[in-house]
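See below for the structure under consideration.
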Amino acid sequence: MTRQEDMLRTAKEVQLGNYAPAPFVLTHGRGRRVTDASGREYLDLSAGISVLSVGHSHPTLAAAIAEQAARLMHVSNVFYNDRAIELAEAICARTPFDKVYFCNSGSEANESLLKLARRYHYDRGEKQRTEFVSTHNSFHGRTMGSLSVTGQAKYHKGMEPLVQGVRFVDYNDLAALDAAVTEQTAAVVFEPVQAEGGIILGTDEFVRGARRICDERGALLFFDEIQSGYGRTGRFLAQEWFDTTPDACSLAKGIGGGFPLGAIAVTERVAGGLPPGSHASTFGGNPLACAAGLAVLHIIDEEGLIENARRLGGYLAERLAEVDAQLESTTGTRGLGLLQGIVLADDVDPSATIAAIHSAGLLLTLAGGNVVRISPSLNVTRDELDEGLSILAKVLAEAPRKP
Ligand SMILES: Cc1ncc(COP(=O)(O)O)c(C=O)c1O
């Protein structure tokens, strides 16, 4: 038995079965290249599902983490720490938001937003505002609150009862949103680009209309920018494409470049929504995670990665459309910046196809069940995209069909 086979066997014995990972064990990574325990190299254009904004083990990021680990890793939130202050200041400087709260993941960030909304209205004497309006096909996380506003029934299965008072409307259906927001609504929450749902772009009408409706009815507006934010779409936040500022947004994934870090960024108006003692996280805002966050921003600036995401995102979209035009196994492409997808035809087997892509040495993931998602790190090169697209085109030309 090889070392890799041995590890796979052990994994099945000792790890819970809630994931169904590909049959290899990754041990090293640098840039867009990762290596498994057998020494095989893969081209990673998934960036750990939109997480590795600056690629695997960027030397500046790795050095910042090592330096901070040797200096100060954790203090409780009974005390300030320098790195959290610096990172909050840097996020506020780049966004229309005025205050930041740090946590450790996307689900936790959304959970914090939901709590902020309820407490905000409660403290203003509007105790009836406890409901949330979300969108079908959305993904906001797996904790009970974030799961409750996730608009995909498959994730709810066997987990009920969920948080009560959540209404779902079709994404981009402004009339439905208009009908759903009432005097009971604490907040409307959606992704400016639905990522896990299959890379569906919000329309100007919907995103801007949501702002107007929330203002008219006294509900808060939250954007989940966990996947669309931090440069992924070619702007620092995807909301910039729509010229619309919500009352708060959630961030995670790319913000730590691979180090667990989540945040909510909020406007002054709602900043009082979480008064002292109302919410907390033991690890949230620890100096180690925030040092990683600062290094990510430094690299984004130094290497011009927002611009790279916009430029190479456009290139990727064009090349992907060319690939699609030559194939019978796909039915179109869609995306924004470096969050792009190619849609598999109905008779193609998505799981077998993604497994074939991995076997061919390319790491990508599925979104929305039948969309092959390409979400590389923001410092991906044109050559790496060309290499990945050529592997992808070959696999899709012989895409496995459904049994
Ligand atoms: C838009 C969005 N929101 C929330 C989450 C949940 O984040 P996490 O897995 O870090 O809890 C994800 C994860 O894929 C996401 O894409």
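The values are calculated or read from the model by the stated rules, or taken from the named source; none is laboratory data. Worth saying up front: this structure is predicted, and the values here are computed from it rather than measured. Here the Cβ positions follow ideal geometry from the backbone for every residue, glycine too, while neighbour counts run over all protein chains shown. The area values use the complete protein model at the heavy-atom level, side chains included, leaving out ligands, DNA and RNA. Shrake-Rupley method; radii C 1.70, N 1.55, O 1.52, S 1.80 Å.
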Where labels lie 7 Å past Cα in the beta-carbon direction, separation of residue 321 and residue 359 in nm: 3.3 nm
Selection of chymotrypsin sites (Phe, Trp or Tyr not before Pro), the range 75-177, meeting DSSP coil and at most 14 other Cβ within 10 Å: 79, 80
Estimated translational D of the chain in µm²/s (Stokes, Kirkwood radius over Cα pairs; 37 °C; 0.692 mPa s): 150 µm²/s
Å² of accessible area per residue within the chain, as computed with a 1.4 Å probe and no ligands counted: 43 Å²
Beta bridge orientation in the chain: antiparallel %, DSSP, nearest 5: 65 percent
Part-to-part distance (alpha-carbon centres) for the range 123-183 and the range 1-17, which is given in Å: 39 Å
Where GluC sites (Glu not before Pro) fall in DSSP loop in the range 285-372, at most 12 other Cβ within 10 Å: 328
The range 1-154: C-alpha gyration tensor shape, a/c 1.5 cut-off, then a/b vs b/c: oblate
Residues whose placed amide H lies under 5 Å from that of residue 348, excluding near-sequence neighbours: 402
Potential lengthening between residue 349 and residue 73 on full extension [0.36 nm per residue; Cα-Cα distance subtracted]: 94.8 nm
Portion, in percent, of the accessible area of the chain that falls on carbon or sulfur, probe 1.4 Å: 53 percent
Residues with amide H under 5 Å from that of residue 166, placed H, sequence gap 5 or more: 132
Mean-position separation - Cα centroids, the range 290-324 and the range 64-93, in angstrom: 25 Å
Centroid-to-centroid separation of the range 330-403 and the range 205-230 [C-alpha atoms, Å]: 30 Å
Expected 222 nm ellipticity per residue - DSSP helices of 4 or more, -39500 (n - 2.57), all of the chain, to 500: -12000 deg cm²/dmol
